[in-house]
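Working notes, structure below.
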Amino acid sequence: MKETIQSFLKDKFPHFISKEEEILTNLPTFFLKPEGIATVLSALKTAPGIELNYLNDLTAIDWLGKKTPRFEVCYLLRSGNKSSTRVQFRVALEEDEQVPSIISIFKGANWPEREVYDLFGIRFAGHPRMDRLIMPDNFQGHPLRKDYPLEGFGQDYLVEDLLTIHLKEDMEA
Amino acid sequence: MYEKTAEHFSLKQKKLPEGHLLVNLGPSHPSTHGILQNVIQLDGERVVDAESVIGYVHRSFEKLGERYTYNQFLVCTDRMNYVSTPLNNIGWILAVEKMLQIEVPDKVTYVRMIVSELSRVMDHIICNGILGVDLGAFSGMLHLFHHRENIYQVLEKLTGARLTTTFCRVGGLEKDIYPEFEKDVKTIIKGLRPAIEEFQSLLVNNRIFMDRTEGVGGISAEDAISYGYSGPNLRAAGVPWDIRKDDPYMFYDKVDFDIPVGEDGSVLHRTLVRMEEMRQSLRIVEQLINGLPTGAHHADIPHIYLPDKSKVYKNMEELIYHFKLIMHGIKVPKGEYYMATEAANGELGFYIVSEGEKSPWRVHVRRPCFWFYQSFPELVKGSLLADTVATMSSMNVIAGELDC
C-alpha cells in the first residue's frame, strides 16, 4: 500500500510532497504541503487501487521546542475496500499558517477541524463555521498547546462573563 | 476585557420565519442521557433545522495524558464511555503494550476478551432498553436490566468496582480472576439468552415500536462512511465493517462469530443490529469460557508489571522495581502508535506519541460518538420532534465519550 501511494504522489503531485522524514510509527506516513492537502486527499479518495474513502481520524500535534515548524496536523485515512490499511498524511505548520478545510471531501471533517481549532488554534480555511466546539465561547487560549499551563490561567473571567451574558440575555428577552 | 465575537448558536443568529420556534432539547433533558444540548428549530411539530452543542462534560483527558504515566491514564479511560468501561481500559492498555512490544499470557487475553464481550452486551442493553423507555415502553428495559446487574456483579468481584473498573494493567490484569468466575459467566449466558429473545418479542417485534422506528432517522451507506461512522450504527446502514474481523486484535481471529448488517440505517435497523450483536457476543464468550487456560495473570516483566508485594518486603530487586515503577513509571520507547479496537459504539482509537518519557508527548482519543453524532442535524431534518428523541437514543450517544 505504501509503495502504491508513494508512486501515485510522486507521479501526480510531486510539488505537494514536503519532506521525507523517517518516524517510528505503525502507520505509513506522508508529509504534504499545507496548500496541497485538499487536492491530494480528494484525488486519493477516488484513485483506482487506493480508494482512501474513509476519514478515520483528524488531529494535531504541538512539537514546541522539539521540531520546526511547530504544529503538525495529522489526517488518518483508511480504505473502505481494504479496511485494515490505514495511512497517515501530515501537514507541518507554523503558528499563524492555515490549512484548507477538507469538509467538502469528507463531511465528517466538520467537528474534528473545529476541535483542532479550539484546542490548538490552527485555522482551517474554507470551513463554514470556525468557532469553538468544546470549550466555552469566551474561553481564552488554546488548551492543548504545550505552552498552555496544565492548571490553566484561572477561570474567574469565564464566570464573570457568563454571568453578564446571561443577565443581558434575560434583560433582552 | 472580553468581547463576544460569535453568537453561541448559529441558529440563534438566524431570523426565524413566522410561526417557527426554537426548542432546547437539553443540556439536561431525560432523553439526552447526559449533558448535551440540541437546539431544534420547529415548524409546528416538524423539525426544520437542528444544531448540537457539546462540551458540557469536557475534562481535558488529552491534556491530562501528557502529565500522567501510562498506568495512571487508565482511570481517565474509565470515564470516557462509562457504560462499558472495560472496553476503554483494554483499548488503551493494548496500545501501550503494542508500543512496548510485550506479549501477555494467553489467560490474560482470554479474560480480557470475555470481559470485553460482556461489556458490549451491557452497553447494548442500555442502548436498546433506554430506547424503549424514550418511546414509552418501560418493561423491556426492566427485563434486561436484571441481567446487566448480574454482569456488574461479576465485574465487581473481578475488579472491586462496578462503574470505574480500571480493569487492566500494562502487562496483565490488575489481579487474578476469582475461583467462581467460570461458573458465574456461564450462569450469565444461560440467563441472558432467553432474556434477549424475550426482549425481542416484547419490544422489538411490537407493532407500535416498529411503526415508531421503521425508516426513522435513516442514513445511507455513503453518507455514513463520509461522516466517519463506525460500529453498530455503520453496520445498520449496510456496511459490514468490524475491526474484530478486518484487523483482528487479541484472539478475535480464532473465535467464531458473525457480523450482523442492517439495510437503511434507521432506528429499527440499529436496534436489530444491536440485538444480534448481543447474541454474537454471547457466542464468543461461550467459546472462550470453555477453553479458559490456567496460569499467571500477568507477564513476567519486572520493569513493567508491578512486582508482588510480599516479595517487595523481602528482596532488593523487587524493591527497586517497585520504587522505579511507582516513582518514574513505565518508559515507553520513542515512537508513535495508533491502536484501534472495536468498542461497543464503534472504532475506539488511541493515538500515542511517545518521546521516551514516563508520560506520552501527545495522546489522542478517536472516540466513535464524536464522529457519528455530528450528522444528527442531517438525520432529523424533516422528521417529527418525537422522532428526534428516538434517533438520538438509538445512536447511543454517551456524553462522556463525546467530550472526552
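The values are calculated or read from the model by the stated rules, or taken from the named source; none is laboratory data. Remember, predicted model here, so these are calculated numbers, not experimental data. Cβ coordinates were reconstructed from backbone atoms using ideal geometry, including for glycine residues, and neighbour counts include every protein chain displayed. SASA here: full protein model, heavy atoms, side chains in, ligands and nucleic acids out. Shrake-Rupley method; radii C 1.70, N 1.55, O 1.52, S 1.80 Å.
Points to keep in mind about this one:
- Test: residue in segment B:175-182 that is more than 16 Å from B:S266 (Cα to Cα), surrounded by 14 or more Cβ atoms within 10 Å (Cβ to Cβ), within 21 Å of the chain's Cα centre (by Cα) and among the β-branched types (V, I, T): no
- In summary, A:L44 fulfils each of the numbered conditions (1) open to solvent by less than 50 Å² (accessible area, probe 1.4 Å); (2) within 18 Å of A:I103 (Cα to Cα); (3) within 15 Å of the chain's Cα centre (by Cα) with the single exception of condition (3).
- For the condition within 11 Å of chain A (Cβ to nearest Cβ), of a type in the set (D, E) and closer than 25 Å to B:L306 by Cα, B:E347 does not qualify.
- Test: residue in segment B:251-261 that is of a type in the set (F, W, Y), open to solvent by 10 Å² or more (accessible area, probe 1.4 Å) and not in a helix (DSSP H, G or I): yes
- Filter pass, B:V104 being away from chain A (no Cβ under 14 Å) and under 23 Å from A:T25 (Cβ atoms): yes
- Verdict on B:R59 being surrounded by fewer than 19 Cβ atoms within 10 Å (Cβ to Cβ) and either within 30 Å of B:W92 (Cα to Cα) or assigned by the TED database to the domain that holds B:E378 (or both): yes
- Evaluation of A:A60 against (1) at pLDDT 90 or above; (2) of a type outside the set (D, E); (3) farther than 28 Å from B:D223 by Cβ (one fails), failing number: (3)
- In segment A:21-62, the residues that are without any contact (Cβ under 8 Å) to a residue 24 or more places away in the chain and either within 12 Å of another protein chain (Cβ to nearest Cβ) or within 26 Å of A:E95 (Cα to Cα) (or both): A:E21, A:E22, A:I23, A:L24, A:N26, A:G36, A:I61
- Residues satisfying the stated conditions in segment A:101-116, i.e. open to solvent by 10 Å² or more (accessible area, probe 1.4 Å), at the interface with chain B (Cβ under 10 Å from one of its Cβ atoms) and in a loop (DSSP other than H, G, I, E, B): A:I105
- Hits in segment A:131-143 - residues which are in contact with an Asp or Glu (Cβ under 7 Å, 6 or more places away or on another chain) and open to solvent by less than 10 Å² (accessible area, probe 1.4 Å): A:I134, A:N138
- Among the candidates A:K19, A:K67, residue that is modelled with pLDDT under 85, under 19 Å from the mean Cα position of the chain (by Cα) and surrounded by fewer than 18 Cβ atoms within 10 Å (Cβ to Cβ): A:K19
- The listed residues are B:V285, B:V365, and the only one of them that is closer than 23 Å to B:R112 by Cα and within 14 Å of another protein chain (Cβ to nearest Cβ) turns out to be B:V365.
- Only one of the numbered conditions (1) open to solvent by less than 30 Å² (accessible area, probe 1.4 Å); (2) free of Cβ contacts under 8 Å to residues at least 24 places away in the same chain; (3) away from chain B (no Cβ under 11 Å) is violated by A:C74, and that is (3).
- Only listed residue being within 12 Å of the chain's Cα centre (by Cα), of a type in the set (A, V, I, L, M), more than 22 Å from B:S226 (Cα to Cα) and facing chain B (nearest Cβ under 8 Å), chosen from A:L119, A:L93: A:L119
- Screening segment B:228-245 for residues that are part of a loop (DSSP other than H, G, I, E, B) and open to solvent by 20 Å² or more (accessible area, probe 1.4 Å) and picking the one that is nearest to the other protein chains (Cβ to nearest Cβ) gives B:W241.
- Hey, A:P128 in contact with a Gly (Cβ under 9 Å, 6 or more places away or on another chain), surrounded by fewer than 22 Cβ atoms within 10 Å (Cβ to Cβ), more than 8 Å from every other protein chain (Cβ to nearest Cβ) and touching a residue at least 12 places away in the same chain (Cβ under 8 Å) or not: no
- Condition check for B:G335 on (1) of a type outside the set (V, I, T); (2) over 22 Å from B:Y110 (Cα atoms); (3) open to solvent by 40 Å² or more (accessible area, probe 1.4 Å): one failure, at (3).
- Failed condition for B:E222, given (1) buried (at least 19 other Cβ atoms within 10 Å of the Cβ); (2) within 12 Å of chain A (Cβ to nearest Cβ); (3) under 30 Å from A:S104 (Cα atoms): (1)
- When B:S383, B:S394, B:S359, B:S375 are checked against the criterion of being farther than 25 Å from A:R90 by Cβ, open to solvent by 10 Å² or more (accessible area, probe 1.4 Å) and either in contact with a Pro (Cβ under 7 Å, 6 or more places away or on another chain) or among the polar types (S, T, N, Q) (or both), B:S383 stands alone in meeting it.
- Those residues of segment B:119-174 which are of a type in the set (D, E, K, R) and within 17 Å of the chain's Cα centre (by Cα), in sequence order: B:R120, B:D123, B:R148, B:R162
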